[in-house]
Amino acid sequence: MRYLIKDTRHLTGAAAAAIALQLAVASPLAAQELVYGSWLGASNNTNTKALVPYFDMVREATGGEVDWKMVGGAQLATGPGTPEAVGSNLMDAGLVMAPYQPRMLPATNLIFSQSLIGDHYLASVGAMNEALMLGCDECREEFEANNAVGFAGYGTSPYLFMCRGKPEGIEDLQGLAIRSSGGGVSITNILGGTPVSMPPSEATSALERGALDCVLGAVAWLTSYGYMDVVNTVIDAPMGMGGPPVMMYVNRDIWEAMSPEARKAHIDHAPDLVTMTTFDAQIAVDEKTEEEARSRGITFIEGGEPFAQVMEKRDAIQYEENVAAARDSGVKDPEAILDFYLAAFEKWKGIIENEVGDDREAFREALWREVYAKVDPEAL
């Protein structure tokens, strides 16, 4: 084991039990049972509708050589603790959000921090994957430096303000404590709120206690993180799209111990994982969640032009801000990464408009053609 955990504050008490489990699967990888630790709830849609079916695909494609087991609910590590837990081989893979560890993953965090303006959701997911896999050598280098391999990013639908009480406009959000991450921190600052950094899974109790007033996030979070009972108002104005959370952040020693065929199976099915997350764990859940929220009396308010002006202000300053922050964190060529990302977003807008529409299989095929067919599993 080449890396040790430097900071155990984010690891949970159950993590000690995982060490014994790791010893059981650390032998030569003929029939390989691997542990995926998710800090999302066990019934979270990203786990149940995307990751678990993906694990089934990999198991079938490898003839049982690789058999991933899901351990959800942050039993092994929290969101901030996941990169360290994976790098140290406390667990074999997990879901990583770069904003939780921006010093460990500054290049990946740079992509995450650039808010994509508008509501071109499918285009944003395509662009995030293309930037992560093909346009960010420094992302791959920082994964390697942390003893990991990363692939299969997803994006959330445009973020909205979801609040306690009855705010109706920007003036009502001024001074409020708002859970924000990535580009959302700057957005919250622009409209006069107070950004609060915390995993979305921890915001439920914070809203309930009154420690938070709002969450800036996807509407699906009302169900996936249990906000439905503590939120009264959703301001329906797209406040940017950010990402990618990296779904397959895999310990590098485990990855390199796999057969070439097993590594290839993971990449071959990465477009399936991204597509299932996008359509089954995001779009379908967004629609169902909004319908349920309205039926339970949560008020949806049209944000209108004042919120569009906030996003215009954000877009005017974010490139230079993000470049400067990334360079301060050690990213050597942040302009190249952002330029690739923004160009990919424009390209993917055209792909979605002219080719994909809302066809999931066409989206999967575009992801394969434009991104994952060009990824060499042996070079990750």
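The table below lists the values:
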read-out: Which numbered condition Val331 fails, given (1) assigned to a helix (DSSP H, G or I); (2) modelled with pLDDT of 95 or more; (3) crowded, with 20+ Cβ neighbours inside 10 Å; value: (1)
read-out: For Ala326: the one exception among (1) at pLDDT 95 or above; (2) out of contact with any Leu (no Cβ under 7 Å at 6 or more places or on another chain); value: (2)
read-out: The one condition in (1) assigned to a loop (DSSP other than H, G, I, E, B); (2) open to solvent by less than 10 Å² (accessible area, probe 1.4 Å); (3) in contact with a strand residue (DSSP E or B) (Cβ under 7 Å, 6 or more places away or on another chain) that Gly79 fails to fulfil; value: (3)
read-out: Sole residue being out of contact with any Ser or Thr (no Cβ under 6 Å at 6 or more places or on another chain), in a helix (DSSP H, G or I) and of a type in the set (S, T, N, Q), chosen from Asn354, Asn322; value: Asn354
read-out: Search result, residues across region 301-357 that are over 28 Å from Trp368 (Cβ atoms) and among the hydrophobic types (A, V, I, L, M, F, W, C); value: Ile301, Phe307, Ala308, Val310, Met311, Ala316, Ile317, Val323, Ala324, Ala325, Ala326, Val331
read-out: Residue satisfying condition, being within 20 Å of Val310 (Cβ to Cβ), touching a Leu at 6+ places or on another chain (Cβ under 6 Å) and of a type outside the set (Asp, Glu), within set Gly193, Gly217, Gly242; value: Gly193
read-out: Region 103-118 - residue that is among the hydrophobic types (A, V, I, L, M, F, W, C) and under 16 Å from Pro158 (Cβ atoms) and, of those, most open to solvent (accessible area, probe 1.4 Å); value: Ile117
read-out: Hits in region 56-73 (condition: within 18 Å of the chain's Cα centre (by Cα) and in a helix (DSSP H, G or I)); value: none
read-out: Residue in region 341-361 that is of a type in the set (Phe, Trp, Tyr) and surrounded by fewer than 20 Cβ atoms within 10 Å (Cβ to Cβ) present; value: no
read-out: Verdict on Asp56 being among the acidic types (Asp, Glu), open to solvent by 10 Å² or more (accessible area, probe 1.4 Å) and farther than 27 Å from Lys264 by Cβ; value: no
read-out: Failed item in (1) outside any strand (DSSP E or B); (2) open to solvent by less than 30 Å² (accessible area, probe 1.4 Å), with Met247 passing the rest; value: (1)
read-out: Complete set of residues in region 59-70 that are surrounded by fewer than 22 Cβ atoms within 10 Å (Cβ to Cβ) and not acidic (Asp, Glu); value: Arg59, Ala61, Thr62, Gly63, Gly64, Trp68, Lys69, Met70
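The values are calculated or read from the model by the stated rules, or taken from the named source; none is laboratory data. For clarity, every value in this text was computed on a predicted model and none was experimentally measured. Because the Cβ atoms are built from the backbone with ideal geometry, glycine has one as well, and the counts that use them run over all protein chains shown. Surface accessibility is based on the protein's heavy atoms, side chains included, excluding ligands, DNA and RNA. Shrake-Rupley method; radii C 1.70, N 1.55, O 1.52, S 1.80 Å.
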